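The next block holds one structure in the form of structure tokens; read it before the comments.
The values are calculated or read from the model by the stated rules, or taken from the named source; none is laboratory data. Here the structure is a predicted model, which means the values were calculated and not measured. Counting neighbours? That spans all protein chains shown, and the Cβs are built from the backbone with ideal geometry, glycine included.
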Amino acid sequence: GFDELFHSHNRQWDQLWKRCDIRLEDSARPQMILRLHIFHLLQTVSRNTIDLDVGVPARGWHGEAYRGHIFWDELFIFPYLNLRIPNLTRSLLLYRYRRLNLARRAAQAEGRRGALYPWQSGSNGREETQHLHLNPKSGRWLPDNTRLQRHVNHAIAYNVWQYYKTTGDTEFLSTYGAEMILEIARFLAHITTFNEKHDRYEILGVMGPDEYHDGYPDSETPGLNNNAYTNVMTVYVLRIALKAIESLAPGRRDDLLETLDLEQAERNRWQDIARKMRVVFHGDQIISQFEAYDQLQEFDWEGYREKYGDIQRLDRILEAEGDTPNRYKVSKQADVLMLFYLFSAEEIQELFTQMGYDFEPESIPGNIDYYLKRSSHGSTLSNIVHSWVLSRSDRPRSLALFHKALESDVSDIQGGTTHEGIHLGAMAGTVDILQRCYTGLEFHDDILFLNPHIPDDLPKLYMRAKYRGNWFDITATSETMTITCDQCEREATKISFQNTVYALNPGDTLAFDLGKKRLKGGAD
Ligand code: IFM
């Protein structure tokens, strides 16, 4: 009967909120929206979907936009689940694993080895990206080249590795995860070619996350060369592929290498690509979004704002005028800056050093400034990434973009897209800005790192997070941070704060003065 169902429904939600809530003290509207976002996440994917063949559609199950298709948006969604209901991430990664054979066939169809996951996918795992799309502003149907966004593959490999690093689930890595990473790595290495002139490897004819650029101006063939995001992420994937092999138990390792017919020579080439991948720069250490980006024209931002007011969808505006964004230094959403979203400054420096480039972390703010000025934020994911990358250099601006991202759906900031379905990536992204970005929560080699940079105006933050089977309570303001292990089933956890590693025992609390050091608890 209704009463009984209502009671059990309430009980389930109570239990979920205990794990999944993120609180901002005395902040009615941001708190309400955060909970709305968490609610949508938990009703799109839930414990009820574990063990079902379910993936994460970009617009949830709330409208017909994108026809329920799955893109790369889980990159923004899994970090929240990893720290609360990791079983759910595991189950959602299996959705990808079940489609590995189809991805292999897609690679074969292009004359490649390994696995090529589709940019847009549905139940049968084939590429579902439309061939034409309508510009409602001009009424014209235009070729849709977005399937060239190979970076969905990098996102899947990244997600597998992050899940493994957060949970330590070696059984998953061994049975499913490593195989996916290796097959993706193999495909990426296969589309990488060697340029004798530059003595470097390169990837030609792809698209990065910025969907305004699908080719060179006046070129008949779609695709761009040496998209920095794709190239650097390829190096990352090749590196984790080699690490994944090392992480497997010897017997399983031998079996997998044998099954995939993955010889030492092929792995040596991966090493070589990782050392010699090409990234193009211009100006003062500005990473070029793709080769010859610097030759594009600057865009008349002021003029277009004056003429059209809302210029988020510049692609449509320009096409309706008979022009194309391909001519200009404009972007719909973060592309180069995705690198600073996914990796810390130290990780970025290590990747570039490995590739043989001197890229100093001091150059990061210049890159952020350069691309932020040239973005129209035509995707709701854009505010998330820009808020995140600004959190170290300009906290007030980061917070302002966080607030803008919060409004994405409740205020339908794109002017008419929310009734077609919520933007789940952006919703999860807002929650993750609090969860991992402002707290500086990272996981490396069995250590939980706290590297907070909390904006002064952020109200006191409370959350719970699960790491390696232990539940932690975290509170933070711009001045202090505490972490308590109140329901620890296991031994002490290593917590790193300002280059010191502390042991946090079950039941113990560590408190830090963010200007100085530890206030209480833990052992060095
Ligand atoms: O995956 C995104 C893409 O990055 C921008 N356009 C919308 C897609 C689905 O959310």
Sole exception among (1) surrounded by fewer than 23 Cβ atoms within 10 Å (Cβ to Cβ); (2) on the phi < 0 side of the Ramachandran plot; (3) of a type in the set (G, A, S) for G208, by number | (1)
Restricting attention to region 61-83, which residues are buried (at least 22 other Cβ atoms within 10 Å of the Cβ) and more than 10 Å from the ligand (Cβ to nearest atom)?
-> I77, F78, P79, Y80, L81, N82, L83
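Could you look through region 355-399, keep only residues that are assigned to a helix (DSSP H, G or I) and surrounded by fewer than 16 Cβ atoms within 10 Å (Cβ to Cβ), and pick out the one that is nearest to the ligand (Cβ to nearest atom)?
Within region 355-399, the first condition is being assigned to a helix (DSSP H, G or I), and the residues that meet it are 355, 361-372, 380-390, 395-399.
Adding the requirement that they be surrounded by fewer than 16 Cβ atoms within 10 Å (Cβ to Cβ) leaves 361-362, 365-366, 369, 396.
Numbers: P361: 26, E362: 29, P365: 24, G366: 25, D369: 22, P396: 27 Å.
Result: D369.
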Is there a residue in region 497-511 that is at pLDDT 85 or above, under 12 Å from L448 (Cβ atoms) and among the aromatic types (F, W, Y)?
-> yes
Expected output for region 410-427 (first residue of a type in the set (D, E), partner within 11 Å of the ligand (Cβ to nearest atom), Cβ below 6 Å, 6+ apart or cross-chain) is E420/A65
What are the residues in region 142-173 that are in a helix (DSSP H, G or I) and of a type in the set (A, V, I, L, M), if any?
-> L148, V152, A155, I156, A157, V160, L173
Which numbered condition trips up L448, out of (1) within 21 Å of E25 (Cα to Cα); (2) more than 16 Å from the ligand (Cβ to nearest atom)?
-> (1)
If you go through region 435-463 one residue at a time, how many are part of a loop (DSSP other than H, G, I, E, B) and β-branched (V, I, T)?
-> 2
Keeping to region 400-418, report how many residues are within 13 Å of the ligand (Cβ to nearest atom) and either modelled with pLDDT of 95 or more or part of a helix (DSSP H, G or I) (or both).
-> 3
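Name the single residue that is nearest to Q312 (Cα to Cα) among those in region 419-429 being touching a Ser or Thr at 6+ places or on another chain (Cβ under 8 Å) and not in a loop (DSSP other than H, G, I, E, B). Can you show your working first?
Filtering region 419-429 for residues touching a Ser or Thr at 6+ places or on another chain (Cβ under 8 Å) gives 423-427.
Checking which are not in a loop (DSSP other than H, G, I, E, B) leaves us with 424-427.
Numbers: L424: 19, G425: 18, A426: 16, M427: 19 Å.
The residue in question is A426.
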Taking interchain pairs and intrachain pairs at least six residues apart, which have beta carbon atoms under 8 angstrom, with the first residue in region 50-76 and under 20 Å from T129 (Cβ atoms) and touching a residue at least 60 places away in the same chain (Cβ under 8 Å) and the second acidic (D, E) and near the ligand (Cβ under 9 Å from one of its atoms)?
-> V56/D73; A58/D73
Does E346 qualify as being at pLDDT below 95, away from the ligand (no atom under 16 Å from the Cβ) and assigned to a helix (DSSP H, G or I)?
-> yes
Is it the case that region 279-300 has a residue that's crowded, with 20+ Cβ neighbours inside 10 Å and within 21 Å of A107 (Cα to Cα)?
-> no
Complete set of residues in region 27-72 that are closer than 24 Å to H403 by Cβ and aromatic (F, W, Y) | F39
